Amino acid sequence: MQALLILAAAMLLTHWLIPIPWLGYSSLSIFLLCSLLILGNALLLQWPLWRKRNFSRVLLAIWLLAVLVVGVHDLIAVLFFPARMELLTPYTGVATLLCMGVIMALRVARDLRRITRFNKELQERVDAARAELQAANERQLLVERERSRLKARMDLTHDLHDGLGSSLMRAMGSVRHAPAPMSNDAFLGYLKVLRNDLRQILDAEAGSQAKAPGTPSQWLAPIRHRFGMLFDELAMDALWNMPDAWPWQPEARHCMALARVLEEALTNIVKHSKATEVCVELNALPASNGMQLHIRDNGRGFDAALMETAGMGIGLQSMRARIERLGGTWQLDSGEQGTHIRITLPDMSSENAAT
């Protein structure tokens, strides 16, 4: 069919562009050949149109049959009865335009229905994807909430162990080494200290909004006051070396974490080390890379690797976890000469300024 159309177009172009005497055929032969090509094309199109029937195809097939009939009639009239038969082709132009318009309208309507159906299917898939994404977000939110609750429980456990536990240990040590039975006021004082520590632990929101102490000495003062009396009762020499200013201004969470770690370390010294000397020192690292807290004693030491392998040392694990959450590093050396803990916090002032 395409070959017939191409051949007809080629013949017409040849007839218009190339002189006919040079080709050796007349205009009538060109007319006959083109007419036969068009009528043959209309006849050959009947089979594919009737094979897959729908309204537009049937209409197109009927229109081509009409073209075929009219074409045969006019061809016979031109060839054999030019004076007696009237040509029908001029009268079928309006019908041809009407038929083509109907066919095009049907095609457009069919395409619109397909587009509508595609849009509906696409909308359904988008709604399904949106519902699936919303369900996934809800599941993720539940997981995040559960993770936050677990983290809050772990933080509370560490705070209770490091804060309230150390306060209890100090109270127990004071009671054990008291030279005489303690009075009710002394017991009440220890209970008030424990109550204040518990309030500080539970009031997480207030703790997160608190301001950091202005100097290292102000940060160390409450801890030094609490453990100083206990060290005096145990005849333990304590050395506290603090710089006049912070190497970089920490946040409240940094100060609280360092305080909890220092309290737990001093509590462990009192409980296990049997030390006679304790040193707490805060230094600035070179090139403003942060600060380092040293906690040393001359006690009997312990096997840190063995305790970690055996799953013991909850306080040590808590201290390490606190420092690592702040992006710091933790190093512990213990032996017969004593125990040395080095805690390093990087300079976060530049990060805070950038954010």
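The values are calculated or read from the model by the stated rules, or taken from the named source; none is laboratory data. Keep in mind the model is a prediction, meaning the values are calculated, not measured. Don't worry about glycine lacking a Cβ; one is built from the backbone with ideal geometry, like all the others, and counts go over all protein chains shown. Accessible surface areas use protein heavy atoms only, side chains included; no ligands, DNA or RNA. Shrake-Rupley method; radii C 1.70, N 1.55, O 1.52, S 1.80 Å.
Brief remarks follow.
- Listed conditions (1) under 15 Å from Ile341 (Cβ atoms); (2) out of contact with any Ser or Thr (no Cβ under 7 Å at 6 or more places or on another chain) are all met by Gly299, apart from (2).
- Taken over the range 79-99, residues that are open to solvent by 60 Å² or more (accessible area, probe 1.4 Å) and among the β-branched types (Val, Ile, Thr) amount to 2.
- Taking the listed residues Leu266, Leu293, Leu220, the one that is modelled with pLDDT of 90 or more, among the hydrophobic types (A, V, I, L, M, F, W, C) and closer than 21 Å to Glu324 by Cβ is Leu293, with no other qualifying.
- Selected residue (criterion: farthest from the chain's Cα centre (by Cα)) from residues of the range 244-287 that are closer than 19 Å to Gly214 by Cβ and among the polar types (S, T, N, Q): Asn283
- All conditions in (1) over 16 Å from Trp240 (Cα atoms); (2) charged (D, E, K, R); (3) modelled with pLDDT of 90 or more hold for Glu277, with the sole exception of (1).
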